[in-house]
């Protein structure tokens, strides 16, 4: 089960009625934050989820609205007596940017580990999940992220029997342990059926639509995507500034055959995002207008 | 007339129900901000005052809760097409700290002028006001600020007549202009009575009480002071961390004979500051528990 909270839904600047876009995930005791604009620690506190125990922070890019809340967040985490190291993932320049911001948070009681993205796509196994980063197309280097929870296949008793695998080893193999008995090495795939559908969450802001995004978010259970502007005619500023319109996000969701789309990262000029929903559901019926602290739990299929 | 808005009243970290302590002043078309923690731009927007036209930002010190909102504020000011230069005043290190934070706001359409405080007390004439900085006693270099609006004396017709000052020069001298007529230089003091009481606003956070603070805030019309903790017994953490308790602030207000005291910069542990008011008014009757966006206009006496 993956808990998902869209902490904010604004782009560019925080507003009295809309926090900046950031995403918090909880899985099996681990916590992952994607982006941290000004005020993210406040909306997180409002949500009541713990900031002390954030294990990983992923950054899409270093425009202020995606990272300006970091020094305050680190100070608050430090004040909560956190001592475990934290890992940060982001485009090239991560350590330089965070070091700059830490001019006001020079002393922290925990270590920061930096992973700078260098490839077009990169995958990391962390916290029992796969974190997949993929390059998007903004006016600065920027990445989207997919979070995948894999699911093993079912134990196949016939498969185990047909290969004469000793019964005493079954439970070890079922847990994914490679096991040696006598001279023979047994591997989990010898007793397991094919991997089952897992959980996939995709997050993408600050980009024009690209084929790589479609491929990377394909068949996500939940796709959280920017809809910077609701108007599609006359090249809105969103497009000029290398963002996506809501309609483009809906088209992307359709092409990638995701289950559900949540829109976010609204322009400050968009006061009532839901005004645009009527046209969007014609493109992709399961479009939801994200709101601050919209929350869900993604579960394995039965 | 000096408009005063206490934008926030929190210390250490922003909370869902309390913005960080910052002060905004408007005088005669000019705008001065003191401190800029995370979220200051949001509470300012809520107040409806302009951030585009801030002329001066004064910093007490560089702990995160007093400056973490600066990069976001600068970006938002930049997005509003501001081009006029802005002046920043703060303790030594100002340019280094702001440069560090600007790693996420490297390009701004306006210039920043830095004034780094080097003396125990320093006064600046700006925006038609005097900005007086005075060193306080925190665990890092920190300053308080007093803002003074001077008021000329009244035109003294008998004084002018007794010195045979030509009537045609009276209006110039009354406006404060030094005027030459024939071989004689006339100065405004030749026609004006003694300066009248002006307006004084004093602001002080993050310090232990000191004699210099008492002297610097003396007879202020409004004294805005931290009251980090409401408890005075058993050395509360406020004192250990070089802050003031509410009672100490009230004592300071009494000694300095200010007209009114607003408390601010409450510890996150203080959920209901007003619970402490009963004991404080015994020390200084005109104690007011500051709340976010508490606003007043200070006027000249009639």
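When each copy gets a label point 7 Å from Cα toward the beta-carbon at residue B:130, what are the spacings between them in nm, shortest first?
Distances to the matching label points in the other copies: 7.0 nm.
Going by Cα centres, region A:267-285 and region B:233-302 are how many Å apart?
Region A:267-285 and region B:233-302 have Cα centres spaced 47 Å from each other.
For residue B:215 and residue B:272, what is the calculated FRET efficiency with R₀ set at 35 Å and r taken between the beta-carbons, to the nearest 0.05?
That gives a FRET efficiency of 0.60.
From Cα coordinates alone, what are the radius of gyration and Dmax values for region B:193-243 in angstrom?
For region B:193-243, the Cα-based Rg and Dmax read 14.5, 53 Å.
In what order do B:180, B:281, A:136 fall by count of nearby beta-carbon atoms within 10 Å, going from fewest to most? Kindly include the intermediate steps, with their values, before the conclusion.
Values: B:180 9, B:281 14, A:136 24.
Lowest to highest Cβ neighbour count: B:180, B:281, A:136.
Above 34 angstrom, tally the Cα pairs of chain A and express them as a % of all pairs, no decimals.
Details: 12319 of 45451 pairs.
Looking at chain A, the distances longer than 34 Å represent 27 percent of pairs.
Give me the Debye-computed log₁₀ of I(q)/I(0) at q = 0.18, 0.24 Å⁻¹ for region B:73-135, equal point scatterers on Cα only, no solvent, two decimals.
-0.75, -1.06
Out of all DSSP beta bridges in the protein assembly as shown, what portion is antiparallel? Express it as a percent rounded to 5. Walk me through the numbers on the way to the answer.
Details: 78 of 130 bridges.
Given both bridge residues lie in the protein assembly as shown, the antiparallel proportion sits at roughly 60 percent.
Evaluate E = 1/(1 + (r/R0)^6) for residue B:181 and residue B:158, where r is the Cβ-Cβ distance and R0 equals 22 Å; express this FRET efficiency to the nearest 0.05.
Working: r = 20 Å, r/R0 = 0.91.
So, using R0 = 22 Å, E works out to roughly 0.65.
So for A:95, B:132, fewest C-beta neighbours within 10 Å to most, what's the order? Mind dumping the intermediate values first?
Numbers: A:95 15, B:132 19.
So the ranking, lowest neighbour count to highest, is A:95, B:132.
Label position 7 Å from Cα toward Cβ: report the copy-to-copy distances for residue B:194 in nm, one decimal, ordered from shortest.
Label-point distances to the other copies, shortest first: 9.7 nm.
If I take every Cα pair under 8 Å that is 6 or more residues apart in region B:245-298, average their sequence separation and divide by the length, what percent do I get for the relative contact order? Mind showing how you got there, number by number?
Working: 44 pairs, mean separation 23.5, N = 54.
It rounds to 44 percent for region B:245-298.
When only Cα pairs under 8 Å and 6 or more residues apart are kept, what is the percent relative contact order across region B:154-194? Working shown, then result.
Numbers: 44 pairs, mean separation 20.0, N = 41.
Here the relative contact order equals 49 percent.
Which percentage, to the nearest 5, of the DSSP beta bridges contained in chain A is antiparallel?
On the way: 39 of 65 bridges.
Just about 60 percent of them are antiparallel.
Say a paramagnetic label sat at a point 7 Å from the Cα of residue A:259, along Cα to Cβ; which residues of region A:182-200 have their backbone N under 11 Å from it?
Only A:197-200 fall inside the zone, counting backbone N under 11 Å.
Modelling each spin label as a point 7 Å along the Cα-to-Cβ direction, I'd like the residue A:110/residue A:30 distance in nm, to one decimal.
1.4
What's the Kirkwood radius of the protein assembly as shown in Å, using all Cα pairs? List each step's numbers first, then the result.
Working: mean 1/r = 0.0367 Å⁻¹.
Answer for the protein assembly as shown: a Kirkwood hydrodynamic radius of 27.2 Å.
Cut-off 10 angstrom, C-alpha nodes, Gaussian network model of chain A. Which of A:223, A:155, A:114 fluctuates the most?
It is A:155.
For residue B:81 paired with residue B:99, estimate the spin-label separation in nm (one decimal), with each label point 7 Å from Cα along the Cα-to-Cβ line.
It is 3.2 nm.
Can you give me the Cα centroid spacing of region B:45-93 and region A:69-100 in angstrom?
23
Tell me what chain A gives for mean residue ellipticity at 222 nm when only DSSP H runs of n ≥ 4 count, each as -39,500 (n - 2.57), the sum divided by the residue total, rounded to 500 deg cm²/dmol.
Values: 10 runs with 68 residues, N = 302.
So the calculated ellipticity at 222 nm is -5500 deg cm²/dmol.
Put the label 7 Å from Cα along Cα→Cβ for residue A:254; what are its distances to the other copies, in nanometres, shortest first?
Inter-copy label distances (nm, one decimal, shortest first): 7.4.
Give me Rg/Rg_expected for region A:153-194, where Rg uses Cα atoms only and Rg_expected = 2.2 N^0.38 Å with N residues. If you can, show how the numbers build up before the last one.
Working: Rg = 9.1 Å, N = 42, 2.2 N^0.38 = 9.1 Å.
That works out to 1.00 for region A:153-194.
Find the Cα radius of gyration of region B:1-145, compare it with 2.2 N^0.38 Å by division, and give the number to two decimals. Display every interim value, and only then the final one.
Details: Rg = 14.1 Å, N = 145, 2.2 N^0.38 = 14.6 Å.
After normalising by residue count via 2.2 N^0.38 Å, the value is 0.97.
Hey, could you grab the Kirkwood Rh for region B:124-194? Inverse mean 1/r over distinct alpha carbon pairs, Å, one decimal.
Numbers: mean 1/r = 0.0678 Å⁻¹.
About 14.8 Å for region B:124-194.
Shielding of B:74-81 by partners, i.e. mean partner chain Cβ atoms within 10 Å per residue?
Values: counts 2, 7, 7, 0, 1, 4, 1, 0.
So the per-residue partner count for this stretch is 3.
I'd like the distance between the alpha-carbon centres of region B:8-28 and region B:168-199, rounded to an integer number of Å.
Between the Cα centres of region B:8-28 and region B:168-199 lies a distance of 42 Å.
Hey, what did chain B get for relative contact order, percent, Cα under 8 Å, at least 6 apart?
Working: 673 pairs, mean separation 52.9, N = 302.
Computed over chain B, the figure is 18 percent.
Quick one: what Rg and Dmax do you get for region A:172-302 from the alpha carbons, in Å?
Over region A:172-302's Cα set, Rg and Dmax evaluate to 20.4, 73 Å.
Can you say what percent of the DSSP beta bridges in region B:56-147, counting only those with both residues inside, are antiparallel? Round to 5.
On the way: 11 of 20 bridges.
About 55 percent, rounded to the nearest 5.
A short reminder: the numbers here are calculations on the coordinates, not readings from a lab. This one's a predicted model, so the numbers in the text were calculated from it and none came from an experiment. Glycine gets a Cβ as well: all are built from the backbone with ideal geometry, and neighbour counts include every protein chain shown.
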